[in-house]
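The values are calculated or read from the model by the stated rules, or taken from the named source; none is laboratory data. Note that the structure is a prediction, hence the values are computed from the model and not measured. Using ideal geometry, Cβ is built from the backbone for each residue, glycine included, and neighbour counts are taken over all protein chains shown. With ligands, DNA and RNA removed, areas are computed over all heavy atoms of the protein, side chains included. Shrake-Rupley method; radii C 1.70, N 1.55, O 1.52, S 1.80 Å.
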Amino acid sequence: MAMTFTLTPEPEDEAREAGRLLFAGPVTFVKGVVAMSGLPPADRLEVCFAGRSNVGKSSLINALTGRKTLARASNTPGRTQEINYFALGEDRYLVDLPGYGYAEAPVAVVAKWQALLKQYLSGRVTLRRAFVLIDARHGVKAVDEEILTLLDRSAVTFQAVLTKVDKINRVEREAVIEQVKGALGKHPAAYPELVVTSSEKGEGIETLRAIIATME
């Protein structure tokens with residue numbers, strides 16, 4: 001039986017407030033990790049953000065936290081070459097993963113951080129959910145499929161998050177949502193709700209905050 005994918009509904013007031021309070025509280029950079037041995041203790045729930053280079057991941061994290069420079073946004077795709085850990089209050093980690101796909105970096109460097117990405121996704125027991133960012137202008141591409149398949153194999157639940165929806169019109173938006181739903185149907189680890197966001201316009205930000213705040 002095929003799984004049905006829907007858009008995440010607007011959060012209830014209680015969940016919305018929980019999200020507001022979590023992200024209004026302390027959000028601090030913990031460390032950048034370049035090897036699995038450097039990961040902080042697995043003592044709290046964590047969520048991670050993954051996406052191909054230039055998908056708008058840093059902008060989304062900055063919008064979620066309300067801090068313009070928390071995650072380093074760059075015009076150079078693939079600038080983030082570490083797993084960056086941020087503490088959300090006392091009981092959450094927000095993890096910014098290195099971008100995958102195209103990056104203006106030496107092949108050996110790219111290979112090293114892609115390997116780290118795969119090791120992390122396969123071996124972090126406290127990882128509750130991966131948010132996989134998909135550029136609304138392009139939909140799911142082959143390079144995304146590689147990560148989605150890895151998440152399936154690792155039994156890590158992932159939720160697709162469309163970014164940059166302000167850059168397309170309504171017809172294009174409906175088409176890309178259907179394309180993403182179709183692609184997700186092949187992946188058993190996919191969470192059945194899709195989040196639609198715009199870092200620039202604020203769309204979907206409260207919803208994503210609520211999801212993270214109410215996760216157990």
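Descriptive notes on the structure:
- Scanning the range 203-216 for residues that are open to solvent by 40 Å² or more (accessible area, probe 1.4 Å), in contact (Cβ under 8 Å) with a residue 60 or more places away in the chain and in a loop (DSSP other than H, G, I, E, B) turns up Thr214, Glu216.
- Of all residues in the range 5-27, those that are among the charged types (D, E, K, R) have Cβ atoms under 6 Å from Cβ atoms of residues that are not in a loop (DSSP other than H, G, I, E, B), 6 or more apart or on another chain, in Arg16/Glu206; Arg16/Ala210.
- Residue check for Glu10: in contact with a Lys or Arg (Cβ under 9 Å, 6 or more places away or on another chain) and within 17 Å of Arg129 (Cβ to Cβ): no
- Hey, Val156 out of contact with any Gly (no Cβ under 7 Å at 6 or more places or on another chain), at pLDDT below 95 and not in a helix (DSSP H, G or I) or not: yes
- Test: Asp96 is surrounded by 21 or more Cβ atoms within 10 Å (Cβ to Cβ), at pLDDT 80 or above and of a type in the set (Asp, Glu): yes
- In this entry, Ser74 is excluded by the filter for residues that are at pLDDT 90 or above and either more than 13 Å from the chain's Cα centre (by Cα) or outside any strand (DSSP E or B) (or both).
- Among the residues of the range 2-23, those identified as surrounded by fewer than 15 Cβ atoms within 10 Å (Cβ to Cβ) and assigned to a loop (DSSP other than H, G, I, E, B) are Ala2, Met3, Thr4, Pro9, Glu10, Glu12.
- Condition met for Leu121 (touching a Ser or Thr at 6+ places or on another chain (Cβ under 7 Å), part of a strand (DSSP E or B) and in contact (Cβ under 8 Å) with a residue 24 or more places away in the chain): no
- Subset of the range 29-56 that is surrounded by 17 or more Cβ atoms within 10 Å (Cβ to Cβ) and of a type in the set (Gly, Ala, Ser) - its residue that is nearest to Lys164 (Cα to Cα): Gly56
- On inspection, Pro26 qualifies as more than 30 Å from Val176 (Cα to Cα), modelled with pLDDT of 90 or more and open to solvent by 20 Å² or more (accessible area, probe 1.4 Å).
- Selected residue (criterion: surrounded by the most Cβ atoms within 10 Å (Cβ to Cβ)) from residues of the range 124-164 that are among the small types (Gly, Ala, Ser) and in contact (Cβ under 8 Å) with a residue 12 or more places away in the chain: Ala130
- For the range 200-216, a tally of residues being under 14 Å from the mean Cα position of the chain (by Cα) and among the basic types (Lys, Arg) returns 1.
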